[in-house]
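The values are calculated or read from the model by the stated rules, or taken from the named source; none is laboratory data. Treat the numbers as computed from the prediction; the structure is a model and nothing was measured. With ideal geometry, Cβ positions are generated from the backbone for all residues, glycine too; neighbour counts draw on all protein chains shown. Each accessible area value is taken on the protein alone, full model and side chains, heavy atoms only, with ligands, DNA and RNA left out. Shrake-Rupley method; radii C 1.70, N 1.55, O 1.52, S 1.80 Å.
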Amino acid sequence: MADTDDNDPQPAPAAPVLPGTMPDRLPENAAGPADFDPKAVAKELLRTTRAGTLATIDRNTGHPFASLVNVATDIDGAPLILVSRLATHTANLEVDPRASLLLAAGGKGDPLAHPRLTMLGAFVAIARDAPDEARLRRRFLARHPKSELYAGFADFSFWRLAAVSAHLNGGFARAADLKAGDVLTDISGAEDLIAAEADAIAHMNADHADAVQLYATKLGNAHDPKEDGASGGAWRLTGLDPEGLDLARGDVTLRLTFPERVTNAQQLRKVVVEMAAKARAR
């Protein structure tokens, strides 16, 4: 056998295969048409879907265990759930936090014709005295106000998904394997915006409700409840982050993307004023 030289270049180690990905299995046409933007579709699903299928690992046998949970997102887009210690999925997570979360867009016709996103990673329980618990609670309850009826019960707690990968099926011949960074929002340098989020949302909903309605109906092409007295109340802001605004009216959600990245309160004021002017001009 020939001697090897320690100085010979060694082959680079193979990149680890992320969970949920399909190396060498996605068809050539999976990327879909040129106008298909997998990252944008995935982020839209992540920010607007209110409930999803949670798949945990059964603590007794290792079988996949699927259940239905309400979902919200942290500022960076990390999925949040509120679960009871009395639930099977919580008992499973306490033993093995690895899980996946399926977020699917509803619609008429074949359910498989609509996009869906699977997020994979490990859930982390948020202690009641954790520094970020108040923010996660506020964001979750803004998306699911009725959950306030039981969110304070001793057996309920918030869990946050530390995502490592995602798989998007955008409908027929539209699919993509994604890294967590492709779907989540970069919050680096946005400490000022994060600190200002709660006050900014309360201010907009209380003092600029008319602008919020315009954002939804003019920029988001959403239904205007004033037109026919539809139930669900007025549109309101439920969250904001460096990439955009989250809005809701009853059970209906909407995502509006900022024209530029926002990292502080001053930039936020400028952008929302410009968005309002643009909406009024339509």
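Taking the criterion of being within 22 Å of THR253 (Cα to Cα) and part of a loop (DSSP other than H, G, I, E, B), the only residue of the stretch 121-149 that qualifies is HIS144. Scanning the stretch 42-72 for residues that are within 18 Å of GLY121 (Cβ to Cβ) and of a type in the set (A, V, I, L, M) returns ALA42, LEU45, LEU46, LEU54, ALA55, ILE57, ALA66, VAL69, VAL71, ALA72. Report yes if ALA72 is touching a Lys or Arg at 6+ places or on another chain (Cβ under 6 Å), open to solvent by less than 20 Å² (accessible area, probe 1.4 Å) and either within 25 Å of ASP246 (Cβ to Cβ) or not aliphatic (A, V, I, L, M) (or both), otherwise no. Spelling it out, ALA72 is indeed touching a Lys or Arg at 6+ places or on another chain (Cβ under 6 Å), open to solvent by less than 20 Å² (accessible area, probe 1.4 Å) and either within 25 Å of ASP246 (Cβ to Cβ) or not aliphatic (A, V, I, L, M) (or both). Among the candidates ALA198, ALA173, ALA234, ALA206, the residue that is surrounded by fewer than 18 Cβ atoms within 10 Å (Cβ to Cβ), on the phi > 0 side of the Ramachandran plot and hydrophobic (A, V, I, L, M, F, W, C) is uniquely ALA173.
Scanning the stretch 228-282 for residues that are among the hydrophobic types (A, V, I, L, M, F, W, C), over 25 Å from ALA78 (Cβ atoms) and in a loop (DSSP other than H, G, I, E, B) yields ALA230, ALA234, ALA281. Limited to the stretch 83-113, what total is found for residues that are among the aliphatic types (A, V, I, L, M) and open to solvent by 70 Å² or more (accessible area, probe 1.4 Å)? Adding up the residues that qualify gives 3.
Looking only at residues of the stretch 114-152 that are more than 14 Å from the chain's Cα centre (by Cα) and among the β-branched types (Val, Ile, Thr), we find that the one that is least open to solvent (accessible area, probe 1.4 Å) is ILE126. Taking each residue of the stretch 185-200 that is closer than 23 Å to LEU45 by Cα and looking for partners that are assigned to a loop (DSSP other than H, G, I, E, B) and of a type in the set (Asp, Glu) with beta-carbon atoms closer than 7 Å, six or more apart or interchain, yields THR185/ASP76; THR185/GLU243; ILE187/ASP76. For GLY250, the requirement of being closer than 28 Å to ALA105 by Cα and touching a Ser or Thr at 6+ places or on another chain (Cβ under 6 Å) is not met.
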